[in-house]
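Heads up: the structure comes next, in structure tokens.
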Amino acid sequence: MGNTMANKYELPQLPYAYNALEPFISEKIMQLHHDKHHLAYVNGANAALEKLEKARAGEIQIDTRAVLRDFSFNLGGHTLHSIFWQNMAPDGKRGGSPTDPVAVKIKEDFGSFEAFKAQFSDAAKTVEGSGWALLLYDKSIDKLVLTQIEKQNMMHLPQLEILLSLDVWEHAYYLQYLNDRAKYVESWWNVVNWGDVNDRFVKAKG
Ligand code: MN
């Protein structure tokens, strides 16, 4: 994720064109979301690290707690957005039902794809304020689990691998769906990249 040579976080390129998720997510949303919002999280994480370094060197005084809070928020944003872009794909590689092996696991742990989709959608629709819905894999109990993230980092479950993420901040949909988060969530299933979800699942299982 970070460039280890530069020892800094960097904005990853979108793996497709800004208009590649049309008509479900507009070009304008993608442009602003990636180039402005995601970039702000990258810059925010780097700025927090720099402040901590300078404070250690005695160059500045900081409110450590506030800076660490900033770091968590911004790095959470950077991490989640980096996964979110890859969880979606252009026409021809997206939507429909999950493919194996994650399809089998979803059926095993949620009963059916429809039951999973309904509960994941419900998680996304009911995030209080800005946040995310996530599908995670817990290797310790060999189970897929759901969680909500508030903001970019609250309720984070650090030990679990993220397989699928859905951003429900207003910046992710407002320009196209206005205040209708439910409609955005329903549309979003059309752009899910199940190939990527499977790659993450296989890697997480080890
Ligand atoms: Mn976002």
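Coordinate-derived values only; no laboratory data. Predicted model only: the values in this text are computed from it and were never measured. Cβ sites come from the backbone with ideal geometry, for glycine too, and all protein chains shown count toward neighbours.
Sorting Glu10, Glu22, Glu128 on the 10 Å Cβ count, fewest up front, what's the list? Please list the in-between numbers first.
Numbers: Glu10 13, Glu22 16, Glu128 7.
Result, fewest neighbours first: Glu128, Glu10, Glu22.
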### Task
Beyond 26 Å, what share of the Cα-Cα pairs of the chain is found? Please give it as a whole percent.
36 percent
### Query
Mind checking which lysines have their C-alpha under 17 Å from Lys183, skipping anything on the same chain fewer than 8 residues away?
Lys117, Lys125
### Helix 64-86 axis, angle to the chain major axis (alpha carbon atoms, nearest 10°)
30 degrees
### Task
Pull up the cross-link candidates among the aspartates and glutamates for Lys51, meaning alpha carbon to alpha carbon under 19 Å and not fewer than 8 places away within one chain.
Glu10, Glu59, Asp63, Asp70
### Query
Given springs between every Cα pair under 10 Å in a Gaussian network model of the chain, which of Thr126, Thr64, Thr79 has the largest fluctuation?
Thr64
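Above 16 angstrom, tally the Cα pairs of segment 26-86 and express them as a % of all pairs, no decimals.
49 percent
With the contact rule set at Cα under 8 Å and sequence spacing of 6 or more, what percent relative contact order holds for the chain? Can you show the working numbers first?
On the way: 297 pairs, mean separation 47.3, N = 206.
For the chain, the relative contact order is 23 percent.
About the Cα centre, and with charges only on the beta carbon of Lys, Arg (+1) and Asp, Glu (-1), how big is the dipole of the chain? Nearest 20 debye, please.
Numbers: 22 positive and 26 negative charges, 55 e Å.
Here the chain has a charge dipole of around 260 debye.
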#### Entry: Other-chain or far-sequence residues with amide H under 5 Å of Leu164's (modelled H)
Leu135
### Query
Once Rh is set to the Kirkwood radius over Cα pairs, what Stokes-Einstein translational diffusion coefficient, in µm²/s, holds for segment 100-205 at a temperature of 20 °C and a viscosity of 1.002 mPa s?
151 µm²/s
### Message
When only alpha-carbon atoms are used, what values of Rg and Dmax, in angstrom, describe segment 1-104?
### Response
17.5, 55
### segment 1-67, dipole about Cα centre (Lys/Arg Cβ +1, Asp/Glu Cβ -1), debye to the nearest 20
200 debye
